[in-house]
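Notes for the one structure printed next.
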């Protein structure tokens, strides 16, 4: 068997297959430019008519609570906020960006469904925890497992072997640990490399890279812990359980770091379940 | 109790089944795959993962001897409308085979028919865009048990989730855990391979099977 490539090499391999759309790159450049205005960002968003139409759809959705009041892109940019719009643009882009990277192990529908459960739970937890940006956490939750899509596409046999080990263990071995056994690294490492290549905001990159190992987080330990918790809650939302024992274990330090406690499980799971259908229509892939 | 003592003795015919110590519930457990079954008279668990397959968990509630099977009906060219266990269709033979093997082995080792306690799991529709083969597996096992005069004490069947079922014949305790959809394709492909393997077997007389 050929040697297993490194996460960095895997990410290099898919460069041509998965790209972020120009509209995201333009908006990001403007957000980073201190001389740009909200009007500049609105103009950039409007240059991509399908993006502009979806932006209005999202702004008017239950997710933002301005139902039907936002008629123009400049207004959407103002109410959503110029720094938040970058996170939203990323969230709106990512599912279609990965459409060119199919795999046999998980359907895109099921993959993005889990990711959206996590996004909704992360946004809810960010509000509960305060001092955290709910829009950034939504996007971090949505992107937390993107390394999985790269692994499943580039190393399907090894990824299947890891999942087989999880099943053989009676679901006691967590997926990321099975990946480490088989590959020496896991999907979070691969996602972290992609975040670096794509120059994603550091907060998002850390959440992706460390959501299974929150002690390794650098500048954004609280956000990383929020995504770690949201991942567990997303699994509970998916299988319809309120018992953390039914999903891969939550790191007790994540509660400490965020100042949250287990009382948030019920409401967060309920919010994720309640929002999933609308979120799938806005951010997911067609079934 | 710890795993140091080694697994409990295995009944003849089940030496090939993989068993391991599980810290989370402090017991040995046997892992069975599609088409397999396992019977034990000792304090140990049996577990399997189910998509549209069925596992029957059967034990003698007086002596605690019992076991679990894992099967599904292969698809045949002429699909009957119902899945009567009493029918002579080629497909139902595999269901009958799996059920009789389990029950006969329990009885052979001292289980009594009047003491049998039956629980049934699986038959999920775990993939979208797939015909609901789980439903006919459920219909088959219910019909089989009815024809045999055996009541179902508990069940968790159908729905969209893959499952892990962990059964302790000694106490009759079962833990069913729903699995995330990430595992659905792999479980479905394991089950598909099993169905293809039984479908590839030559259509032999009943005698060869029982």
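For the stretch B:42-53, indicate whether the set of residues that are surrounded by fewer than 17 Cβ atoms within 10 Å (Cβ to Cβ), modelled with pLDDT of 95 or more and out of contact with any strand residue (DSSP E or B) (no Cβ under 7 Å at 6 or more places or on another chain) is non-empty. Talk me through it step by step, then tell me what you get.
If we filter the stretch B:42-53 for residues that are surrounded by fewer than 17 Cβ atoms within 10 Å (Cβ to Cβ), which is where we start, we get B:42-43.
Subsequent filtering for residues that are modelled with pLDDT of 95 or more retains B:42-43.
From what is left, the residues that are out of contact with any strand residue (DSSP E or B) (no Cβ under 7 Å at 6 or more places or on another chain) are B:42.
Within the stretch B:42-53, one or more residues are surrounded by fewer than 17 Cβ atoms within 10 Å (Cβ to Cβ), modelled with pLDDT of 95 or more and out of contact with any strand residue (DSSP E or B) (no Cβ under 7 Å at 6 or more places or on another chain).
Taking the condition in contact with a strand residue (DSSP E or B) (Cβ under 6 Å, 6 or more places away or on another chain), within 29 Å of residue B:163 (Cβ to Cβ) and either modelled with pLDDT under 95 or buried (at least 19 other Cβ atoms within 10 Å of the Cβ) (or both), does residue A:171 pass?
yes
Given the criteria closer than 30 Å to residue A:159 by Cα and within 14 Å of chain A (Cβ to nearest Cβ), does residue B:165 qualify?
Details: closer than 30 Å to residue A:159 by Cα: yes; within 14 Å of chain A (Cβ to nearest Cβ): yes.
Yes: the conditions hold for residue B:165.
Confirm whether residue A:149 is in contact with a helix residue (DSSP H, G or I) (Cβ under 6 Å, 6 or more places away or on another chain) and away from chain B (no Cβ under 14 Å).
Values: in contact with a helix residue (DSSP H, G or I) (Cβ under 6 Å, 6 or more places away or on another chain): yes; away from chain B (no Cβ under 14 Å): no.
When the stated conditions are applied, residue A:149 does not pass them.
Identification of helices (runs of 4 or more DSSP H) wholly contained in the stretch B:118-210 with 3 or more residues that are over 27 Å from residue B:26 (Cα atoms) and over 16 Å from the mean Cα position of the chain (by Cα) yields B:184-200, B:206-209.
With respect to (1) under 30 Å from residue A:8 (Cα atoms); (2) within 14 Å of chain B (Cβ to nearest Cβ); (3) part of a helix (DSSP H, G or I), the lone exception for residue A:191 is condition (2). Could you go through the stretch A:80-103 and let me know if any residue there is over 23 Å from residue A:204 (Cα atoms) and within 14 Å of chain B (Cβ to nearest Cβ). Yes: the stretch A:80-103 contains one or more residues that are over 23 Å from residue A:204 (Cα atoms) and within 14 Å of chain B (Cβ to nearest Cβ).
Is it the case that residue A:127 is closer than 23 Å to residue A:255 by Cβ and without any contact (Cβ under 8 Å) to a residue 60 or more places away in the chain? Steps first, answer last, please.
Values: closer than 23 Å to residue A:255 by Cβ: yes; without any contact (Cβ under 8 Å) to a residue 60 or more places away in the chain: yes.
Considered against the rule, which asks whether it is closer than 23 Å to residue A:255 by Cβ and without any contact (Cβ under 8 Å) to a residue 60 or more places away in the chain, residue A:127 comes out as yes.
Would you mind finding the one in A:44, A:39, A:29 that is in a helix (DSSP H, G or I), crowded, with 19+ Cβ neighbours inside 10 Å and free of Cβ contacts under 8 Å to residues at least 40 places away in the same chain?
On the way: A:39 fails: crowded, with 19+ Cβ neighbours inside 10 Å; A:29 fails: crowded, with 19+ Cβ neighbours inside 10 Å.
The conditions single out A:44.
In this structure, residue A:223 qualifies as away from chain B (no Cβ under 14 Å) and buried (at least 23 other Cβ atoms within 10 Å of the Cβ).
Being more than 14 Å from every other protein chain (Cβ to nearest Cβ) and without any contact (Cβ under 8 Å) to a residue 40 or more places away in the chain is the filter here, so list the residues in the stretch A:104-122 that pass it. Answer for the stretch A:104-122, where residues must be more than 14 Å from every other protein chain (Cβ to nearest Cβ) and without any contact (Cβ under 8 Å) to a residue 40 or more places away in the chain: there is none.
Which residue, of B:151, B:119, B:177, is under 30 Å from residue B:41 (Cβ atoms) and out of contact with any helix residue (DSSP H, G or I) (no Cβ under 8 Å at 6 or more places or on another chain)?
B:119 is the lone residue from the list that is under 30 Å from residue B:41 (Cβ atoms) and out of contact with any helix residue (DSSP H, G or I) (no Cβ under 8 Å at 6 or more places or on another chain).
Report the residue count in the stretch A:13-26 for those that are without any contact (Cβ under 8 Å) to a residue 60 or more places away in the chain and surrounded by fewer than 18 Cβ atoms within 10 Å (Cβ to Cβ). Reasoning before the result, please.
First, pick out the residues of the stretch A:13-26 that are without any contact (Cβ under 8 Å) to a residue 60 or more places away in the chain: A:16, A:22, A:25-26.
Add one more test, that the residue is surrounded by fewer than 18 Cβ atoms within 10 Å (Cβ to Cβ), and what stays is A:16, A:22, A:25.
The total comes to 3.
Residue B:192 falls short on exactly one of the conditions (1) surrounded by fewer than 20 Cβ atoms within 10 Å (Cβ to Cβ); (2) more than 14 Å from chain A (Cβ to nearest Cβ); (3) modelled with pLDDT under 95, and that condition is (2). Is the stretch A:173-180 home to any residue that is at positive phi, outside any helix (DSSP H, G or I) and more than 10 Å from chain B (Cβ to nearest Cβ)? So far as the stretch A:173-180 goes, no, none of its residues is at positive phi, outside any helix (DSSP H, G or I) and more than 10 Å from chain B (Cβ to nearest Cβ). Considering only residues in the stretch A:241-266 that are in contact (Cβ under 8 Å) with a residue 40 or more places away in the chain and either in contact with a helix residue (DSSP H, G or I) (Cβ under 7 Å, 6 or more places away or on another chain) or closer than 15 Å to residue A:227 by Cβ (or both), the one that is surrounded by the most Cβ atoms within 10 Å (Cβ to Cβ) turns out to be A:258. Inspection of the stretch A:80-87 identifies at least one residue that is at negative phi and within 11 Å of the chain's Cα centre (by Cα).
The values are calculated or read from the model by the stated rules, or taken from the named source; none is laboratory data. Computed from a predicted model, the values in this text were never measured in an experiment. Because the Cβ atoms are built from the backbone with ideal geometry, glycine has one as well, and the counts that use them run over all protein chains shown.
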